[in-house]
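For reference, the structure is listed below as structure tokens.
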Amino acid sequence: MAQGLEHEAQGKTIAVSRPLLWMVVVSTVILLVCSSVRHLLFQSNAWDLGIFDQPLYLLSQGLPPISTIVNVHILGDHAAWIFYPLSLLYRIYPSVYWLFAVQAIALSVGAIPTWHLARQAGLKEGVANAIAAAYLLYPLIFNLNLFDFHPEVIALPLVLNAIWAARADQIGWFTLCIWIALGCRDALSLTIAAMGLWLWVFEKRRVCGAIAGLSGLVWFIIATRIILPHFQPAGILGLSYYAEFGRSIPEIITNLILRPDLVLKRLLTLANLEYLLLLFAPLGWGLSLAHFSPLVAALPQLALNLISDSAVQKNLIHQYSLPILPFLIVMVIASLADQRSWIHKPRHILLWALAGFVALAQIPLFGSRYLSTLDTWSASRTAIAQITTPDPVLAPAALVPHLSHRLLIHAIGTSATIPLNNYTYILLNARHPGKTSNSDVVNQLIQQANRDPDFQLCYHQDDVYLFNRHTRS
């Protein structure tokens, strides 16, 4: 048996292989470097980086954690209490790179419980290493790492660990994992509750199944009926994706049951067929109808994605498919252990995984979109360096995460009717206005600031403008 870290599972000593540890370390470094480079190229965004970075900074300073970008308390964004312990990192040193590091580590570390699940199923070390590599090469891992930051990445290794713990009768460890996972996003409560059903019915893990089912349902009620209405009076984020079914969660659930015509209309689309192919193809080598029961746990999130009218929920780029991945991994492990997978040899598993990664990972962005604003990169850096005080800022969405450590910051949108006197600094890029704005709006803001006697142009280079509001004596 390979040397490495030792772990007890069902009375057996399992050593984590050195190849696995190297894979995790290399993956963490690659993911961290890629997200950092993207950020340094001014390709990160107010959504979903600035909206988390600002409240974390405010929490570390003992201030109310309200994102002024969306005007929402941090708990109003999917009841994710995990941000409170995350803010302790900002107390050490306030930096957005903490989020990149946490995300890279969480996504990569998921390979370890994946490996343990494979070994727990009786697979040889070489096959377990191949499955761990297939997990790391699943395109969603790399792509999501590039999409700013999302707290549910922390739940990914926890859910995988929870499945291992349930099978190993480690009830305390199982409970801790799912409770922390629940604090990463409100919608994960549905996944945890469904996981409880799967564990109870199919895995015959009654205690863990009951704990997961009850915990998921209770947290869903607490999050949607108490926390979110208190911190997000405007309504629960994301319900607009299901507006055809209703305006509230009870109304949506009622129509899902009573209006099968609406459900079928949403389900039977080419977009959904394409999404399912994208979702299953990278692990298609190990899928078997005899081992589809883990999908019971993934059904809530899968159903939400399929009936949504938003394209962002039907790809391997955004966070919405993340809760499905652990159960896809469990499916292919079960198929391999039962010798029902299409491919059995580690080398062939790796080749399939690598082909899927090359085809679907967003690597080409580093040679295309991420270089699209290089012509104003130096000017943007210089302008940011001249914002030396924590006073209010209005800036392009792509520059907001570089300036979000302050009480007030807003991203430029699609309207030029903005009270400029709310800000001390106005940073504009007329050449690259960004996804959330356009050239007309930016040019109007430049004209407004030039006409306003309270503002002076303190920097202008390569169509990048920085205005500073000065105090009259």
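The values are calculated or read from the model by the stated rules, or taken from the named source; none is laboratory data. Since the model is a prediction, treat every value here as computed from it, not as a measurement. Positions of Cβ are backbone-derived with ideal geometry, glycine not excepted, and every protein chain shown enters the neighbour counts. With ligands, DNA and RNA removed, areas are computed over all heavy atoms of the protein, side chains included. Shrake-Rupley method; radii C 1.70, N 1.55, O 1.52, S 1.80 Å.
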Inset, instruction - Note down all Cβ pairs under 7 Å where the first residue falls in region 293-311 and is under 19 Å from Leu270 (Cα atoms) and without any contact (Cβ under 8 Å) to a residue 24 or more places away in the chain, the second is surrounded by fewer than 16 Cβ atoms within 10 Å (Cβ to Cβ) and hydrophobic (A, V, I, L, M, F, W, C), and they're at least six residues apart or on different chains. - result: none
Legend entry - Within region 332-391, considering residues that are basic (Lys, Arg) and out of contact with any helix residue (DSSP H, G or I) (no Cβ under 7 Å at 6 or more places or on another chain), the one farthest from Leu279 (Cα to Cα): Arg381
Legend entry - Matching residues in region 76-88 - criterion: being of a type outside the set (A, V, I, L, M, F, W, C) and open to solvent by 80 Å² or more (accessible area, probe 1.4 Å): Tyr84
Inset, instruction - Looking at (1) farther than 21 Å from Arg38 by Cβ; (2) of a type in the set (S, T, N, Q); (3) part of a helix (DSSP H, G or I), find the lone condition where Thr382 falls short. - result: (1)
Legend entry - In region 43-75, the residues that are open to solvent by 40 Å² or more (accessible area, probe 1.4 Å) and within 17 Å of the chain's Cα centre (by Cα): Trp47
Inset, instruction - Examine region 372-389 for a residue that is of a type in the set (Asp, Glu) and touching an Asp or Glu at 6+ places or on another chain (Cβ under 9 Å), and state whether such a residue exists. - result: yes
Inset, instruction - Test Leu182 against the criterion of being under 22 Å from the mean Cα position of the chain (by Cα) and open to solvent by 20 Å² or more (accessible area, probe 1.4 Å), and give yes or no. - result: no
Legend entry - Restricting region 337-356 to residues that are among the aliphatic types (A, V, I, L, M) and out of contact with any Gly (no Cβ under 6 Å at 6 or more places or on another chain), the residue that is farthest from Ala165 (Cα to Cα): Ala355
Inset, instruction - Run Ala290 past the list (1) surrounded by 15 or more Cβ atoms within 10 Å (Cβ to Cβ); (2) closer than 29 Å to Ile329 by Cα and report the number of the one that doesn't hold. - result: (1)
Inset, instruction - Looking at (1) of a type outside the set (A, V, I, L, M, F, W, C); (2) under 17 Å from Gly50 (Cα atoms); (3) crowded, with 24+ Cβ neighbours inside 10 Å, find the lone condition where Asn429 falls short. - result: (2)
Legend entry - Which listed residue, of Arg91, Arg119, is in contact (Cβ under 8 Å) with a residue 24 or more places away in the chain, crowded, with 22+ Cβ neighbours inside 10 Å, charged (D, E, K, R) and part of a helix (DSSP H, G or I): Arg119
Inset, instruction - Select the strands (runs of 3 or more DSSP E) contained entirely in region 385-439, then report the ones holding at least 3 residues which are more than 19 Å from Asp148 (Cα to Cα) and modelled with pLDDT of 95 or more. - result: 425-429
Inset, instruction - Check Ala385 against each of (1) closer than 30 Å to Tyr423 by Cα; (2) among the hydrophobic types (A, V, I, L, M, F, W, C); (3) in contact (Cβ under 8 Å) with a residue 12 or more places away in the chain and name the one condition it does not meet. - result: (3)
Legend entry - Number of positions in region 216-259 that are in contact with a strand residue (DSSP E or B) (Cβ under 9 Å, 6 or more places away or on another chain) and under 18 Å from Tyr320 (Cα atoms): 1
Inset, instruction - Have a look at Phe174, Phe231, Phe220 and point out the one that is among the aromatic types (Phe, Trp, Tyr), open to solvent by 40 Å² or more (accessible area, probe 1.4 Å) and out of contact with any His (no Cβ under 9 Å at 6 or more places or on another chain). - result: Phe220
Legend entry - Selection status of His432, within 33 Å of the chain's Cα centre (by Cα) and over 22 Å from Asn71 (Cα atoms): yes
Inset, instruction - Hand me the list of helices (runs of 4 or more DSSP H) wholly inside region 274-371 holding 1 or more residues that are farther than 28 Å from Gln120 by Cβ. - result: 295-307, 346-360
Inset, instruction - Would you mind finding the one in Ala193, Ala187 that is more than 16 Å from the chain's Cα centre (by Cα) and open to solvent by 10 Å² or more (accessible area, probe 1.4 Å)? - result: Ala193
Inset, instruction - Name, by its number, the condition in (1) among the basic types (Lys, Arg); (2) touching a Phe, Trp or Tyr at 6+ places or on another chain (Cβ under 9 Å); (3) more than 14 Å from Asn305 (Cα to Cα) that does not hold for Arg247. - result: (2)
Inset, instruction - Specify which of the listed residues (Phe467, Phe455) is in contact with a Phe, Trp or Tyr (Cβ under 7 Å, 6 or more places away or on another chain) and surrounded by fewer than 21 Cβ atoms within 10 Å (Cβ to Cβ). - result: Phe455
